[in-house]
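Right, one structure below, let's go through it.
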Amino acid sequence: MSESPLKTEPADNGEGAETSPARKGKPFGWSTFVIAVLVVVSAALVWRRDGIDGVWTILFHDISLFGEIMPRVLAGCLLGGLIAAVLPHDKVSKSLGPESGLKGLLIGTAFGAILPGGPFTAYPVASALLAVGADFGATIAMVVSWTLIGYGRAVAWEMPIMGADFTLWRIVISLPMPILAGALGRFVYVRVRHRFKL
Amino acid sequence: MTALIIDVLLWGSLIGVSIIAWRQDKAVLTVALRKGGMDFINIVPRIALGVIGSGFIAAIIPSEMIVGGLGPDTGWLGVATAVVAGAATPGGPVIGFSIGAVALKGGGGMPQVVAYVVAWALFAFQRLILWEIPFMPARFVWFRAMVSLPFPFLAAAIVMVIGKP
């Protein structure tokens with residue numbers, strides 16, 4: 001067969017030319033291991049402090065939370081897959097790519113602010129944008145915008161716990177940050193990408 | 001109620017984008033859904049470990065210590081403490097915001113509390129590992145976290161200049 005082994009991986013990976021082949025985290029890497037160790041140690045400490053009942057209470061609560069989140073994780077993954085497939089590569093690289101300037105950062109910011117859902121949507125969609133030609137700067141603007149000025153977490157968690165005054169005021173303070181973070185990201189990226197093979 | 005609205009928006013967007021994909025090409029829809037489904041299957045073990053395990057981590061963190069470090073007279077050292085604490089806070093939004101709320105009610109300084117909440121939102125370590133790295137290229141995640149580092153300090157500086165709400 002005339003397959004070139006060098007060419008198969010990037011194509012299979014679907015990552016954009018600008019961002020060279022990128023690997024997503026494997027299902028079980030070192031980071032999962034770190035979390036697993038933390039969880040086991042913490043569970044042991046809870047067991048010593050509160051006994052087996054304390055362990056069960058937390059476990060049942062977290063399992064029900066997991067059951068609640070699962071369908072949303074599925075929706076987020078499907079949304080990410082669909083957005084990567086639907087968005088035209090050339091248009092995305094033009095409006096969110098490295099040459100997109102302030103407009104690209106603004107689009108990324110707006111997109112992050114209106115995106116529904118939690119981390120289960122934001123990260124698959126951000127990953128899809130990277131794959132179809134958005135640069136690090138615009139994607140950083142999107143992720144930072146989602147986390148700092150997106151309404152999802154603010155309405156569901158921050159307002160009930162911290163109060164509406166604090167939340168709105170914190171969002172106003174945060175308004176310029178996605179654009180600044182995206183601009184800083186671009187500025188640094190072009191200077192360090194060769195050194196760190198980004 | 002808000003959870004319901006978010007679910008409606010989420011599944012609504014999914015249906016909307018599915019229709020767009022289906023109208024472009026039915027094969028595109030199938031391939032995209034299959035890819036999304038595979039991502040889901042790959043990610044579930046990590047999410048399960050994190051979500052089911054984070055309750056234990058949250059149960060043993062010394063939240064009084066974090067709250068104590070955010071006093072109004074702590075200045076920039078307090079802001080730096082807040083940034084480290086925000087990055088280190090495990091668990092979901094309930095833990096992060098509750099610590100912030102306790103600090104606020106317990107007389108914490110406003111710049112320090114804002115720095116804590118912004119740092120937690122931007123680069124809580126557990127969220128980076130648990131949610132961001134499974135979905136995104138790791139080099140992007142670390143790069144984004146590095147670039148985000150100045151912003152809790154900027155938020156604190158803005159609060160110091162303009163004052164409380």
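Numbers below:
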{"item": "Residue B:50 without any contact (Cβ under 8 Å) to a residue 40 or more places away in the chain, in a helix (DSSP H, G or I), within 9 Å of chain A (Cβ to nearest Cβ) and within 30 Å of residue A:51 (Cβ to Cβ)", "result": "no"}
{"item": "Residue check for residue B:119: more than 10 Å from chain A (Cβ to nearest Cβ) and free of Cβ contacts under 8 Å to residues at least 60 places away in the same chain", "result": "yes"}
{"item": "Residue match in the range B:65-72 (condition: within 12 Å of chain A (Cβ to nearest Cβ) and buried (at least 22 other Cβ atoms within 10 Å of the Cβ))", "result": "no"}
{"item": "Filter pass, residue B:164 being out of contact with any helix residue (DSSP H, G or I) (no Cβ under 9 Å at 6 or more places or on another chain), at pLDDT below 95 and farther than 26 Å from residue A:35 by Cβ", "result": "no"}
{"item": "Residue in the range A:97-109 that is surrounded by fewer than 24 Cβ atoms within 10 Å (Cβ to Cβ), within 7 Å of chain B (Cβ to nearest Cβ) and of a type outside the set (Ser, Thr, Tyr) present", "result": "no"}
{"item": "Some residue of the range A:66-78 being over 19 Å from the mean Cα position of the chain (by Cα), under 30 Å from residue B:155 (Cα atoms) and assigned to a helix (DSSP H, G or I)", "result": "no"}
{"item": "Test: residue B:58 is buried (at least 21 other Cβ atoms within 10 Å of the Cβ), more than 7 Å from chain A (Cβ to nearest Cβ) and within 18 Å of the chain's Cα centre (by Cα)", "result": "yes"}
{"item": "Candidates A:52, A:58, A:114 - the one that is in contact with a helix residue (DSSP H, G or I) (Cβ under 7 Å, 6 or more places away or on another chain) and not hydroxyl-bearing (Ser, Thr, Tyr)", "result": "A:58"}
{"item": "Which numbered condition residue A:130 misses (of (1) more than 7 Å from chain B (Cβ to nearest Cβ); (2) touching a residue at least 40 places away in the same chain (Cβ under 8 Å))", "result": "(1)"}
{"item": "Total residues in the range A:106-140, condition farther than 17 Å from residue B:139 by Cα and not hydrophobic (A, V, I, L, M, F, W, C)", "result": "8"}
{"item": "Residues satisfying the stated conditions in the range B:107-140, i.e. of a type in the set (D, E, K, R) and either touching a Phe, Trp or Tyr at 6+ places or on another chain (Cβ under 7 Å) or within 17 Å of residue B:153 (Cβ to Cβ) (or both)", "result": "B:132"}
{"item": "Those residues of the range A:143-158 which are at the interface with another protein chain (Cβ under 9 Å from one of its Cβ atoms) and of a type outside the set (Phe, Trp, Tyr), in sequence order", "result": "A:143, A:144, A:147, A:148, A:152, A:153, A:155, A:156, A:158"}
{"item": "Candidates B:77, B:4 - the one that is in a helix (DSSP H, G or I) and in the same structural domain as residue B:101 (by TED's automatic domain parsing)", "result": "B:77"}
{"item": "The listed residue being in contact with a Pro (Cβ under 8 Å, 6 or more places away or on another chain) and within 23 Å of residue A:57 (Cα to Cα), out of B:58, B:48", "result": "B:58"}
{"item": "In the range B:17-44, the residues that are of a type in the set (D, E, K, R) and facing chain A (nearest Cβ under 7 Å)", "result": "B:35, B:39"}
{"item": "The range B:73-96, subset free of Cβ contacts under 8 Å to residues at least 12 places away in the same chain and within 9 Å of another protein chain (Cβ to nearest Cβ), residue surrounded by the fewest Cβ atoms within 10 Å (Cβ to Cβ)", "result": "B:94"}
{"item": "Residue that is farthest from residue A:141 (Cα to Cα) [pool: residues in the range A:162-189 that are more than 8 Å from chain B (Cβ to nearest Cβ), free of Cβ contacts under 8 Å to residues at least 24 places away in the same chain and not in a loop (DSSP other than H, G, I, E, B)]", "result": "A:164"}
{"item": "Matching option when the condition is among the acidic types (Asp, Glu) and touching a Pro at 6+ places or on another chain (Cβ under 7 Å), among B:73, B:39", "result": "B:39"}
{"item": "Failed item, numbered, when residue B:39 is tested on (1) within 22 Å of residue A:69 (Cβ to Cβ); (2) surrounded by fewer than 16 Cβ atoms within 10 Å (Cβ to Cβ)", "result": "(2)"}
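The values are calculated or read from the model by the stated rules, or taken from the named source; none is laboratory data. Quick caveat: nothing in here was measured; it's all calculated off a predicted structure. Quick reminder, even Gly has a Cβ in these numbers, built from the backbone with ideal geometry, and neighbours come from all protein chains shown.
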